[in-house]
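Take a look at the structure set out below.
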Ligand SMILES: Nc1ncnc2c1ncn2[C@@H]1O[C@H](COP(=O)(O)OP(=O)(O)O)[C@@H](O)[C@H]1O
Ligand SMILES: [Mg+2]
């Protein structure tokens with residue numbers, strides 16, 4: 001379970017920061033017992049400050065059942081109307097104690113706005129149950145129709161001291177070893193977004209300890225983030241290139257980080273294609289540099305993977321997701337045992353394929369695995385093994401290790 005989920009508050013008392021807002025929520029819960037007694041609330045503020053969590057905590061600790069909708073549910077007014085209106089009117093002896101939470105209410109599609117506003121206003125007028133709206137921006141025109149009908153409660157970015165305290169508690173509970181200095185950097189980076197901060201913390205704690213040690217990466221992820229920010233967010237040739245030149249990170253390592261995170265930043269398909277095009281060329285020159293020992297090629301490679309990716313997008317760059325640890329590096333270290341078994345096979349392949357161990361690991365292994373599987377299906381195990389022995393000098397055990405690798 002992700003850290004942010006594991007440590008999500010389940011009662012309002014556990015919420016960090018925004019004390020006044022939390023207190024007003026408690027008051028709202030107290031006043032929401034009789035039917036139709038209360039004006040709806042609108043919680044608003046930047047993401048990761050606990051709006052959704054607070055609404056849920058309020059419901060849990062006061063025995064409300066939740067009827068909840070969010071951005072993905074706001075598709076057509078009819079569905080909205082069919083779900084919300086009847087539920088909002090349910091009453092009588094056996095009626096449940098219900099709270100209606102309309103999350104991400106400012107993220108309805110334009111197309112759907114007109115009809116939905118009517119339904120929502122009807123809901124506000126007729127509901128017998130308390131309603132909480134949640135939005136990120138109070139001034140978004142998509143919720144202008146609501147402003148007069150709700151009491152608003154702001155959720156501000158949570159202050160650094162509070163986030164630091166929360167992170168330290170979690171680090172301690174998890175028995176993780178993370179320096180105060182690193183926590184300080186994470187806190188600064190979080191910019192008041194607790195979810196973001198916890199996700200970064202998780203990346204720092206996660207990964208494969210042995211691997212992180214090996215790569216000297218423990219305290220270097222933040223440095224990597226800095227380089228990635230300059231590549232993905234500046235759209236500037238020189239800034240991106242210099243970020244690549246000034247880091248001690250190997251090109252081999254950097255290209256993996258960029259590769260893994262392109263889809264976390266670029267949202268337009270054409271931008272992805274263009275970024276990956278440049279990465280493919282970067283990878284080509286990187287391979288040439290080590291194969292031909294001509295290190296001039298490293299320069300091309302470096303520029304393509306930094307400036308080339310930085311200038312790739314013409315569309316929107318998304319800031320929503322956190323950077324992810326490169327998957328194929330994680331895979332490399334996933335299982336030492338299977339790695340040892342497979343490394344015997346890789347050594348043989350170095351001679352058969354005239355490629356480096358790393359290239360074989362990153363480029364060929366999956367391919368060979370697929371070939372072995374297909375071959376076995378088509379021609380049976382024996383013939384397939386024979387073929388691989390003849391062509392690549394692989395023994396039965398090697399082939400099995402490749403099949404078992406991930
Ligand atoms: N005020 C807070 N106190 C403790 N944890 C929080 C707080 N705000 C956010 N979090 C953590 O971040 C996660 C996401 O918060 P969420 O309520 O979804 O934010 P929002 O709805 O404002 O974007 C929660 O699951 C929780 O782990
Ligand atoms: Mg939310």
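Numbers for the structure displayed
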{"item": "Highest-fluctuation residue, 244, 287, 63 considered, GNM on the chain with Cα pairs under 10 Å", "result": "63"}
{"item": "DSSP beta bridges in the chain [antiparallel fraction, %, rounded to 5]", "result": "5 percent"}
{"item": "Gyration tensor (alpha-carbon) shape descriptor, segment 3-154, a/c threshold 1.5", "result": "oblate"}
{"item": "Full-extension gain in nm, residue 66 to residue 172, via 0.36 nm per residue minus C-alpha separation", "result": "34.8 nm"}
{"item": "The chain - percent relative contact order, Cα under 8 Å, separation 6 or more", "result": "14 percent"}
{"item": "Angle between the chain longest axis and helix 194-205 axis [Cα atoms, degrees, rounded to 10]", "result": "30 degrees"}
{"item": "Segment 2-158, relative contact order [Cα under 8 Å, separation at least 6], %", "result": "37 percent"}
{"item": "Rounded to 10°, Cα long-axis angle of helix 237-246 versus longest principal axis of the chain", "result": "60 degrees"}
{"item": "Residue exposure sequence - 378, 107 - by fewest surrounding Cβ within 10 Å", "result": "378, 107"}
{"item": "0 to 90° range, to nearest 10: angle between helix 19-31 axis and the chain longest Cα axis", "result": "50 degrees"}
{"item": "Helix-only [θ]222 nm of the chain, DSSP H runs n ≥ 4, -39500 (n - 2.57) each, per residue, nearest 500", "result": "-18000 deg cm²/dmol"}
{"item": "Sites residue 389 and residue 39, calculated FRET efficiency, Cβ-Cβ separation with R0 60 Å, nearest 0.05", "result": "0.20"}
{"item": "Relative contact order [Cα under 8 Å, 6+ residues apart], segment 1-66, whole percent", "result": "46 percent"}
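Read-outs throughout are calculated quantities, based only on the coordinates presented, and are distinct from any laboratory measurement. Because the structure is a prediction, the values reported are computed rather than measured. Virtual Cβ from ideal backbone geometry, glycine too; neighbours counted across all protein chains shown.
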